[in-house]
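**Student:** Got a structure for you, written out below as C-alpha cells; questions coming shortly.
The values are calculated or read from the model by the stated rules, or taken from the named source; none is laboratory data. Since the model is a prediction, treat every value here as computed from it, not as a measurement. All Cβ positions, even for glycine, are placed from backbone atoms using ideal geometry, and neighbour counts span all protein chains on display. Calculation scope for accessible area: heavy atoms of the full protein, side chains included, ligands and nucleic acids excluded. Shrake-Rupley method; radii C 1.70, N 1.55, O 1.52, S 1.80 Å.
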Amino acid sequence: MNDHIPVLIPVTLLVAALIIPLAGIRGKGWAHTVAFAGVLLSLALAVEGMWLVLATGTMRYALGGWTPPIGIELVLDPLSAFMTVLILAVGTLVLLHARTSVAGELPHKSVPFFSLCLLLLTGFVGIVLTGDLFNLFVFLEIGSLAGYGLAAIGDRRAPVAAFRYLLLGTVGATFYLLGVGLVFMMTGSLNMADLTTLLPFSTSEPPVMVGFVLMAMGIGLKMALFPLHLWLPDTYTFASSPSSALLAPLGTKVAAYVLIRLMVFVFEPGFSRDQLFVSDAMVWMALAGIVFGSVLAVAQTELKRMLAYSSVAQIGYIALGVGLGSALGLVGALLHILNHAVMKGALFLVAGNLRLKLGHTELFKLDDRLRTTMPWSMAAFVVAALSMVGIPPLAGFFSKWYLVLASIEQDAWAAVAVILVGSLLSAAYFFRILERVYLRPQGDSTGDTVAVEPAGGSAEVRWPMLAPTLILSVSLLVLGILNTVIVDGVLVRIVPNTLEGGQ
C-alpha cells in the first residue's frame with residue numbers, strides 16, 4: 001500500500017467529494033461526516049507518506065502505468081510531503097469547526113459547501129503532488145473552480161467578489177498555460193524531472209524566457225502578490241466565515257509552492273535571478289506588498305477585511321524569501337508558509353466564532369465584555385495576533401528572523417527595514433483590538449465602543465468550534481519552540497544543494 005500513497009491521498013478526497021451529495025440525501029449531518037472522514041483519512045496517508053519520504057527518499061507513482069516523461073507521475077518528495085501535510089492538517093481543523101459555523105451561516109447550503117471543500121482540497125493536494133506542468137494546470141483549475149464556488153457562498157456581496165476572483169484567476173491560469181505551451185514547444189516535455197535536464201540547454205531561447213515570465217506572472221496573480229492582489233480583499237471579506245477560514249490559510253500558500261517549485265526546482269535557481277531579473281522584481285514587489293498591505297490593514301474597521309489586507313502583507317514575506325534566492329531565504333519562506341497558514345487559520349476561525357455569537361465582526365463594536373463572554377476565543381486571538389506581529393517564542397518570530405538573516409546575508413538592508421516596519425504596523429492593527437478587549441476597565445463603555453451582547457447569552461462557542469481554534473493557536477507556541485527541529489529535520493532537506501548557500 002505504501003507505494004500507492006501518492007495517488008491515494010487525492011483519490012480519497014475526490015471520492016469523498018463525490019459521495020457527499022449522495023450522503024446529503026440521507027441528512028445534512030452526513031455531508032459533514034463524510035467530508036471530515038475523507039480529509040482525516042487523507043491526512044493520515046499524508047503523514048505516513050511524509051514519514052516514509054524523510055526516512056527512505058522520494059516516492060513516485062506513474063498514473064495508468066505510463067512511464068514519464070510520456071505519462072503523468074505523482075511525486076512525494078520532502079517539499080510536496082511538507083505541503084500536503086500542512087494543507088490537510090489545516091483543512092481537517094477547519095472542517096471540524098465548519099460543522100457548527102455552516103449550520104449557523106449556511107443552513108441550506110451545507111451539502112454543496114462540504115462537497116466544494118473536498119474538491120478544493122483535492123485540487124490543492126494535486127497541485128503539490130503532480131510532477132507534470134500541464135497536470136498542475138488541471139489541478140489548479142479544479143481547486144480554483146471550487147474556490148470560486150466557496151467564495152460566492154456568503155453575504156449578498158459575495159457573488160460579485162467571487163466573479164472578480166474568477167475573472168482575475170482565469171487570467172492568471174491563462175498566463176500560466178501559455179507559459180507552459182512555450183516551454184513545451186522548446187523542450188518537448190512537460191515532466192518536471194525531465195525538464196530539469198533539458199532546460200539548461202534552452203534557457204537562452206526567447207520562448208523559454210517568455211514562458212517562464214508568463215508562468216511566474218500567472219502564479220503571482222493566484223498568489224495575490226502585490227500589485228496582483230486585487231481579487232483578495234473582497235473575496236476574503238464577503239465569503240462566509242468557513243469559506244474564508246479555508247481559502248485564506250491555504251489558497252495563496254499553494255500558489256507560493258508552485259512559484260518555489262518552478263523557480264528553484266524546475267528551472268535553475270540562477271535563471272530567474274541572473275538572466276531575467278525576475279527575483280529582483282519579486283523582492284521589490286514583496287517589499288511594497290508588506291508596506292501596502294500593512295497600511296491598508298490599519299485603515300480597516302471590519303475584522304475579516306483587516307485580516308485580508310494583512311494576508312497581502314504576509315504574502316510579501318513569503319515572496320521576499322523566494323526572491324532573495326538563498327538557502328536562508330527559502331527556509332524563511334517555507335517556514336512562513338507553515339506559520340502563516342496556522343496563524344491565519346486561527347484568526348479566521350476566531351472571526352467565525354465572533355460572527356456566530358455577535359452576528360458581526362465590526363471592530364468598533366468589539367468591547368471589553370468579550371474577555372468574559374468569549375474568553376477562550378479571545379485568548380486564541382491574542383496568541384495568533386502576537387505571532388503575526390513576531391513576538392518570541394511564537395512561530396511568527398522565527399520565520400521573520402530567518403528572512404532578516406537572509407536579507408543581511410545579501411546586504412539587503414531595505415528588506416530588513418521593511419520587515420521591521422511591517423511588524424510594527426502589524427502591532428498597530430492588532431493591538432487596537434486587544435486594547436478594546438483587555439486594556440479598558442471592564443464595564444467601561446466610554447468612547448466609541450458599542451456594547452453588543454452575544455447572541456444566545458454570554459457562553460463561549462461550543463467545543464466543535466472552540467477545539468480547532470485552540471489547537472491552531474497552541475500550535476503556534478509549539479511550532480515556535482520546535483522551530484529548530486522543523487528547520488533541521490524537514491526544511492533543510494528541501495533546500496537543493498545548487499541553491500546559493502545550500503546545505
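**Student:** In whole percent, and with a 1.4 Å probe on the protein chains, what portion of the accessible area of the chain is carbon and sulfur? Could you put the intermediate results ahead of the total?
**Tutor:** On the way: 12680 of 18120 Å².
Solvent-exposed carbon and sulfur of the chain make up 70 percent of the total.
**Student:** Name the long-range amide H neighbours of Thr130: under 5 Å, sequence gap of 5 or more, or other chain; modelled H, no Pro or chain starts.
**Tutor:** Correct list: Val75.
**Student:** Just reorder Tyr236, Tyr165 by solvent-accessible area, largest first, 1.4 Å probe, all chains present. Show your work: numbers first, answer last.
**Tutor:** Working: Tyr236 5, Tyr165 35 Å².
Sorted descending by solvent-accessible area, the residues read Tyr165, Tyr236.
**Student:** Once you place label points 7 Å from the Cα toward the Cβ at Val291 and Ala379, how far apart are they in nm?
**Tutor:** 4.0 nm
**Student:** Please work out the Cα convex hull volume for the chain and give it in Å³ per residue.
**Tutor:** So the per-residue hull volume is 128 Å³.
**Student:** Let me ask something additional. Nearest 10 degrees, 0 to 90: what angle lies between the long axis of helix 327-358 and the longest principal axis of the chain (Cα atoms)?
**Tutor:** The angle comes out at about 30 degrees.
**Student:** Kindly identify segment 186-260 as rounded, prolate or oblate by the Cα gyration tensor criterion: order the square roots of the eigenvalues as a ≥ b ≥ c, call it rounded if a/c is under 1.5, otherwise compare a/b with b/c, prolate if a/b is larger, else oblate. Don't skip to the answer; put the middle values down first.
**Tutor:** Working: a/c = 4.48, a/b = 2.42, b/c = 1.85.
Note, shape of segment 186-260 comes out prolate.
**Student:** Hey, another quick one. Given the whole protein assembly as supplied and a 1.4 Å probe, what does the accessible area of Phe82 come to in Å², nearest 10?
**Tutor:** 20 Å²
**Student:** Quick check: Cα centre of segment 101-147 to Cα centre of segment 38-58, how many Å?
**Tutor:** Going from one Cα centre to the other spans 20 Å.
**Student:** Sticking with this structure for a sec: Output the antiparallel fraction of DSSP beta bridges having both residues in the chain, as a percent to the nearest 5.
**Tutor:** Numbers: 8 of 9 bridges.
Rounded to the nearest five, the antiparallel share is 90 percent.
**Student:** Follow-up question, since we're still on this one. Using amide H atoms built in the peptide plane, which far-off residues or other-chain residues are under 5 Å from Gly154 H to H?
**Tutor:** Long-range HN contacts for Gly154: Ser240.
**Student:** Would you rank Phe397, Phe364, Phe124, Phe163 by solvent-accessible area, highest first, keeping every protein chain in place and using a 1.4 Å probe?
**Tutor:** Numbers: Phe397 60, Phe364 85, Phe124 15, Phe163 120 Å².
I get Phe163, Phe364, Phe397, Phe124, largest accessible area first.
**Student:** In this model, which of Lys28/Lys365; Lys222/Lys365; Lys304/Lys365 are farther than 23 Å apart at the alpha-carbon?
**Tutor:** Values: Lys28/Lys365 33 Å; Lys222/Lys365 33 Å; Lys304/Lys365 14 Å.
In this structure, Lys28/Lys365; Lys222/Lys365 exceed 23 Å between Cα atoms.
**Student:** Follow-up. Whole-Hz Karplus ³J(HN,Hα) for segment 384-397, in order, using 6.51 cos²θ - 1.76 cosθ + 1.60 and θ = phi - 60°, x for Gly and Pro?
**Tutor:** 5, 5, 5, 5, 5, 5, x, 8, x, x, 6, 4, x, 5
**Student:** For the pair Trp284 and Leu477, how long in nm is the line joining their label points, each one 7 Å along Cα→Cβ?
**Tutor:** Simple spin-label model gives 4.4 nm for this pair.
**Student:** Relative contact order of the chain: what whole-number percent is it, with Cα pairs under 8 angstrom and at least 6 residues apart? Walk me through the numbers on the way to the answer.
**Tutor:** Working: 892 pairs, mean separation 71.1, N = 503.
The normalised contact order for the chain reaches 14 percent.
**Student:** Rounded if a/c is under 1.5, else prolate if a/b beats b/c, else oblate: with a ≥ b ≥ c from the C-alpha gyration tensor eigenvalues square-rooted, which is segment 272-353?
**Tutor:** Values: a/c = 4.08, a/b = 1.76, b/c = 2.32.
Because a/c hits 1.5 or more and a/b fails to exceed b/c, segment 272-353 counts as oblate.
**Student:** Quick one: if you stick a label point 7 Å off each Cα along the C-beta vector at Leu230 and Leu167, how many nm between them?
**Tutor:** Spacing of the two 7 Å Cα→Cβ label points: 0.8 nm.
**Student:** Given R₀ = 30 Å, FRET efficiency for Leu63-Met185 by Cβ-Cβ distance, to 0.05? Let's see the in-between values first.
**Tutor:** Details: r = 24 Å, r/R0 = 0.79.
E(calc), rounded to 0.05, equals 0.80.
**Student:** Continuing with the same structure: Give me the number: length gained by fully extending Glu409 to Leu18, i.e. 0.36 nm times residue separation minus the C-alpha to C-alpha distance, one decimal in nm. Please list the in-between numbers first.
**Tutor:** Details: separation 391, 0.36 × 391 = 140.76 nm, distance 4.98 nm.
Stretched fully, the Glu409-Leu18 segment lengthens by 135.8 nm.
**Student:** Measuring with a 1.4 Å probe in the full set of protein chains, what accessible area per residue, in whole Å², belongs to the chain? Don't skip to the answer; put the middle values down first.
**Tutor:** Working: 18120 Å² over 503 residues.
Ligands and nucleic acids excluded, the figure is 36 Å² per residue.
**Student:** Using the Karplus curve 6.51 cos²θ - 1.76 cosθ + 1.60 with θ = phi - 60°, work out ³J(HN,Hα) for each residue of segment 124-136 in order, rounded to whole Hz, and write x for Gly and Pro.
**Tutor:** 4, 5, x, 4, 7, 8, 5, x, 10, 5, 6, 4, 4
**Student:** Further question: Placing +1 at every Lys and Arg Cβ and -1 at every Asp and Glu Cβ, with all other atoms neutral, what dipole size does the chain have around its Cα centre, in debye to the nearest 20?
**Tutor:** The dipole magnitude comes to about 1380 debye.
**Student:** Given a Förster radius of 25 Å and the C-beta distance between Arg462 and Trp401 as r, what FRET efficiency does 1/(1 + (r/R0)^6) yield to the nearest 0.05?
**Tutor:** The formula returns an efficiency of 0.10 here.
**Student:** How big is the accessible area of Arg371 in square angstrom, nearest 10, if you roll a 1.4 angstrom probe over the protein chains?
**Tutor:** In the full protein context, Arg371 sits at about 60 Å².
**Student:** By how many nm would the segment from Ser204 to Phe134 lengthen if fully extended, with 0.36 nm per residue of separation less the alpha-carbon distance? Each step should come with its number before you reach the end.
**Tutor:** Working: separation 70, 0.36 × 70 = 25.20 nm, distance 2.24 nm.
This chain segment gains 23.0 nm when fully extended.
**Student:** Which residue, chosen from Leu118, Thr100, Phe139, occupies the Cα position most advanced towards the positive end of the dipole of segment 89-175, where the dipole is computed from +1 (Lys, Arg) and -1 (Asp, Glu) charges on Cβ about the Cα centre?
**Tutor:** Thr100
**Student:** Got a sec? What order do Asp155, Asp367, Asp411 fall in by accessible area at 1.4 Å, biggest, i.e. largest, first? Please report the intermediate quantities before stating the final value.
**Tutor:** Working: Asp155 60, Asp367 10, Asp411 105 Å².
From most accessible down to least: Asp411, Asp155, Asp367.
**Student:** For segment 196-209, just list the computed ³J(HN,Hα) in residue order, Karplus coefficients 6.51, -1.76 and 1.60, θ = phi - 60°, integers in Hz, with x standing in for Gly and Pro.
**Tutor:** Computed from phi, the couplings for segment 196-209 are 5, 8, 8, 5, x, 8, 10, 5, 8, 7, x, x, 5, 4 Hz.
**Student:** Name the long-range amide H neighbours of Met374: under 5 Å, sequence gap of 5 or more, or other chain; modelled H, no Pro or chain starts.
**Tutor:** Result for Met374 returns nothing.
**Student:** Same structure again: Please work out the C-alpha center-to-center distance from segment 297-331 to segment 238-269 and express it in whole Å.
**Tutor:** Distance between centres, Cα-based: 12 Å.
**Student:** OK, next. With runs of 4+ DSSP H residues as the only contributors, calculate the mean residue ellipticity of the chain at 222 nm using -39,500 (n - 2.57) per run, divided by the residue total and rounded to the nearest 500.
**Tutor:** Numbers: 19 runs with 355 residues, N = 503.
Computed mean residue ellipticity for the chain: -24000 deg cm²/dmol.
**Student:** Now for a separate question. Just the accessible area for Ile153, please: 1.4 Å probe, Å², rounded to the nearest 10?
**Tutor:** About 20 Å², ignoring ligands and nucleic acids.
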